[in-house]
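Okay, structure first, notes after.
A short reminder: the numbers here are calculations on the coordinates, not readings from a lab. These figures come from a predicted structure and were not determined experimentally. Positions of Cβ are backbone-derived with ideal geometry, glycine not excepted, and every protein chain shown enters the neighbour counts.
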């Protein structure tokens with residue numbers, strides 16, 4: 001009985017849906033505020049994203065007649081399920097994730113791809129030209145960044161010698177953070193570049209380039225379904241940041257300062273916020289690339305960094 | 001070319017030359033000599049047509065071609081009687097005139113013969129045939 | 001398989017309504033068709049029904065961005081018809097206003113161009129610095145955008161001598177930021193990646209399709225009405241005609257940015273050499289039958305007014321040819337072989353002003369019609 005309750009608590013409240021969406025939306029608000037300041041604007045208040053999503057939730061749900069299919073309606077829900085599941089597999093409060101069943105890095109990589117695939121399906125099934133172009137672009141982008149993303153993870157795996165995220169975090173607790181290992185710095189850079197593509201941020205916001213294809217795959221979505229997409233996107237940001245934090249920054253660590261027990265989740269929040277801010281800064285100092293340029297960039301420069309890191313790990317003792 | 005040179009160039013194809021100043025002149029020609037004049041301008045190195053103006057003056061529609069003869073402006077008038085509103089296209093000699101000729105066709109009902117793309121330009125697709133907004137007899141949009 | 005990407009009448013890329021139909025094969029553009037007329041107000045006909053004096057204000061409203069150059073050209077044309085010469089001081093003030101307008105138009109272009117390639121920070125910064133020009137315009141004329149300064153025979157307000165130092169300080173700030181953006185446009189890697197070799201208009205095509213203004217100058221065609229056919233005070237002011245060789249989007253941006261620096265120079269010189277005297281000549285506005293053409297260099301290129309008078313206080317016919325209208329013919333050759341990603345920036349590289357472009361017809365085309373077109377096509381795409 002306790003196990004069932006605890007499972008529901010984990011998946012719906014902490015660290016699942018409620019926690020993840022609250023923090024994800026807050027990070028999106030911080031991102032918008034920082035962007036505003038970088039652009040010499042005041043920017044919206046940091047709770048703006050809650051208001052936006054709340055408003056979308058209350059709007060009428062319009063499905064275009066060309067898009068009336070199960071795929072179009074279900075895609076955002078599946079994506080939401082996938083990102084929430086990753087949240088359960090990440091070390092959020094301690095090295096131990098909420099779901100302790102056998103689930104290693106490969107499962108996380110798979111699950112992280114499901115929102116992307118749902119986005120494509122939603123775009124293709126929306127029946128509009130912008131959705132199709134956006135989905136087609138996202139396919140190309142997926143093939144660009146995913147290779148680099150996986151290569152960077154392999155570099156970490158080769159260094160630690162385990163496919164288990166808990167083991168990676170435990171290893172770092174004993175031997176120091178992997179970011180301090182110079183051989184893995186190129187892999188970290190490659191990882192952040194591919195995260196930029198995964199999260200569709202400038203210069204890789206090509207699949208949803210506003211001035212070219214309106215909103216890409218999400219053009220035909222409106223109301224609650226669009227709100228769910230926004231939540232998915234923001235949880236995905238948090239999840240990717242948490243994943244990078246677990247791989248390179250030692251994951252959540254609980255501290256005791258002056259008799260006060262500070263829980264690991266505070267550490268998790270600080271580390272993920274730093275990573276989100278790095279991506280925010282990157283997206284504000286560049287122009288958008290074209291899809292062919294993005295592909296070339298990933299398969300040359302970013303892939304080179306990841307391979308370099310892997311080689312260093314394997315060759316240099 | 002300045003105004004004198006331009007008037008020298010066109011004098012056998014056009015009459016009624018009025019030199020306004022060193023960089024602007026008006027001239028009147030007719031449909032028969034029009035093509036030859038265009039070729040003469042082209043041979044003399046004129047490539048830029050600035051625009052085409054159509055004016056309804058009672059029984060005649062005056063079409064004015066504004067050529068830029070670097071830096072002189074040649075304003076060439078072709079009067080067309082309303083019962084024979086036809087003029088050959090100039091797009092084969094001056095491709096930049098494509099839109100201006102479409103404009104002329106829909107606004108004043110001048111038929112430009114041989115135009116490569118004689119569709120409407122500004123007017124809506126359901127605008128009735130034979131109603132030309134810049135004509136004198138035009139009295140408001142048809143309901 | 002080709003499919004159609006509709007751009008317009010409403011699309012985030014367009015700041016004004018117009019319809020462009022792109023036939024696309026994958027990402028490559030294979031065909032483009034333009035449907036104009038969504039912003040018709042019937043101004044040419046309206047101009048021939050109002051008195052010369054009223055028309056100054058109507059001409060000013062043909063385009064919001066280039067309102068001074070429209071009203072100046074109109075006033076110059078009527079002055080020529082009536083045979084009056086405005087005082088020298090008025091000509092200088094007009095030149096100052098027109099150059100400030102060029103600066104603000106080009107900075108606006110830079111901001112939107114940056115937005116089109118997804119560089120929103122540059123967009124915000126460029127528009128922040130555009131505020132300096134707006135302040136200067138407000139100082140002279142009282143209006144940030146619509147100055148309402150021109151009148152037939154001169155200008156309505158004088159530039160006060162105590163404003164000159166403020167103007168010069170503002171110009172210094174402006175020059176600093178313009179230089180910064182010029183450097184940025186020439187050095188930022190992502191801007192270069194997006195703008196070089198994109199939307200190329202060759203020199204031959206620019207001449208063939210009668211391109212005007214910065215579009216032609218970026219393709220190495222040295223046209224500038226201010227130099228070729230000096231009007232107003234421009235004969236006495238010294239400046240360079242900016243050209244670039246490449247003809248791509250980058251060159252079009254560079255021409256505009258360097259023109260900002262030239263315009264700052266012109267304004268400085270005009271302020272320094274501002275002649276003293278009255279700013280207005282009285283004009284008798286009953287003009288005997290006559291006709292004349294005037295042209296000026298608007299921020300976007302050559303602007304032409306043709307006016308025929310008929311002895312009354314209203315013109316018989318006014319023809320306006322705005323620079324955007326002249327540049328549309330070049331558009332097809334710029335899109336040929338491009339990709340969908342290039343549509344916004346290439347479109348914007350001619351600095352289109354549809355409000356200017358569509359001024360001709362009598363009734364505005366019904367938006368209902370536009371929706372029918374789009375929806376029909378939407379249904380076809382579904383199949």
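Using Cα pairs closer than 8 Å and at least 6 residues apart in sequence, work out the relative contact order for chain B, in percent.
Working: 246 pairs, mean separation 27.2, N = 143.
Normalised by residue count, the contact order of chain B is 19 percent.
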Note to self: Take residue A:100 and residue C:197, extend 7 Å from each Cα along the Cα→Cβ direction, and tell me the distance between the two endpoints in nm.
What the structure shows: 5.8
Note to self: Restricting to Cα pairs below 8 Å that are 6+ residues apart, what does the relative contact order work out to for chain C? Please round to a whole percent.
What the structure shows: 27
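Mind ordering C:52-58, A:129-135 by average Cβ neighbours within 10 Å, highest first? Spell out each step's value before the answer.
Values: C:52-58: 18.9, A:129-135: 24.3.
Put in order of decreasing packing, that is A:129-135, C:52-58.
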Check: Taking every residue in C:115-128, how many Cβ atoms of other protein chains lie within 10 Å of its Cβ, on average?
Finding: 6
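For every helix of n ≥ 4 consecutive DSSP H residues, a contribution of -39,500 (n - 2.57) applies; sum these over chain A, divide by its total residues, and give [θ] at 222 nm rounded to the nearest 500 deg cm²/dmol.
Values: 13 runs with 212 residues, N = 317.
Only helices count here, giving -22500 deg cm²/dmol.
Within 10 Å of each Cβ in peptide C:335-342, how many partner chain Cβ atoms are there on average? Round it to a whole number, please. Walk me through the numbers on the way to the answer.
On the way: counts 0, 0, 0, 0, 4, 10, 13, 2.
Mean shielding by partner chains, rounded to a whole number: 4.
Given a Förster radius of 25 Å and the C-beta distance between residue A:143 and residue A:47 as r, what FRET efficiency does 1/(1 + (r/R0)^6) yield to the nearest 0.05? Before the final figure, lay out each step's value.
Numbers: r = 37 Å, r/R0 = 1.48.
It comes out at approximately 0.10.
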Check: For helix A:70-89, what angle does its Cα long axis make with the longest principal axis of chain A, in degrees from 0 to 90 and rounded to 10?
Finding: 20
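Quick one: of the DSSP bridges fully inside the range B:3-113, what percent are antiparallel, nearest 5?
Values: 23 of 31 bridges.
Close to 75 percent.
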Notebook entry, point to check: Taking Cα pairs under 8 Å and at least six residues apart, what relative contact order does chain A come out at, in percent?
Noted result: 27
Check: Taking the highest mean first, how do the peptides A:171-182, A:3-14, A:212-223 order by number of other beta carbon atoms within 10 angstrom per residue?
Finding: A:212-223, A:171-182, A:3-14
Next item on the list: Let me know the volume per residue of the alpha-carbon convex hull for chain C, in Å³.
Entry: 127
Checklist line | Calculated log₁₀ intensity ratio I(q)/I(0) where the Debye formula runs over C-alpha points of the protein assembly as shown, q = 0.05, 0.07, 0.11 Å⁻¹ | finding: -0.35, -0.63, -1.22
Checklist line | Label-point gap, in nm, between residue C:15 and residue C:139 - each point 7 angstrom along Cα→Cβ | finding: 2.4
Note to self: At 7 Å along Cα-to-Cβ for each site, give me the label-to-label distance between residue C:25 and residue A:281 in nm.
What the structure shows: 4.6
Check: Over the Cα atoms of the range B:77-132, what Rg and Dmax result, in angstrom?
Finding: 11.3, 32
Item checked: Amide N of the range B:56-77 lying under 15 Å from the label point, which is placed 7 angstrom from the Cα of residue B:21 along Cα→Cβ -> B:71-74
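If r is the Cβ-Cβ distance from residue C:166 to residue C:146 and R0 is 22 Å, what FRET efficiency results, to the nearest 0.05? Kindly include the intermediate steps, with their values, before the conclusion.
Working: r = 21 Å, r/R0 = 0.95.
Once the sixth-power term is evaluated, E becomes 0.55.
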Item checked: the range A:157-174 versus the range C:211-234: alpha-carbon centroid distance in Å -> 67
Notebook entry, point to check: So how tilted is helix C:367-382 from the main axis of chain C? Cα-based, degrees 0 to 90, rounded to 10.
Noted result: 20
Checklist line | Relative packing of C:312-320, C:275-283, A:46-54, which averages over residues the other C-beta atoms within 10 Å, highest first | finding: C:312-320, A:46-54, C:275-283
Item checked: Between helix C:120-141 and chain C: long-axis angle, C-alpha atoms, 0 to 90°, nearest 10 -> 20
Note to self: Suppose we keep just the alpha-carbon trace of the range A:2-315; what are its Rg and Dmax in angstrom?
What the structure shows: 19.3, 62
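State the percent of C-alpha pairs, over all pairs in the range B:3-113, separated by a distance greater than 24 angstrom. If you can, show how the numbers build up before the last one.
Details: 1094 of 6105 pairs.
In whole percent, the long-distance tail amounts to 18.
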Item checked: Spin-label zone in the range B:101-143 - amide nitrogen under 17 Å from a point set 7 Å from the Cα of residue C:54 along the C-beta vector -> B:140
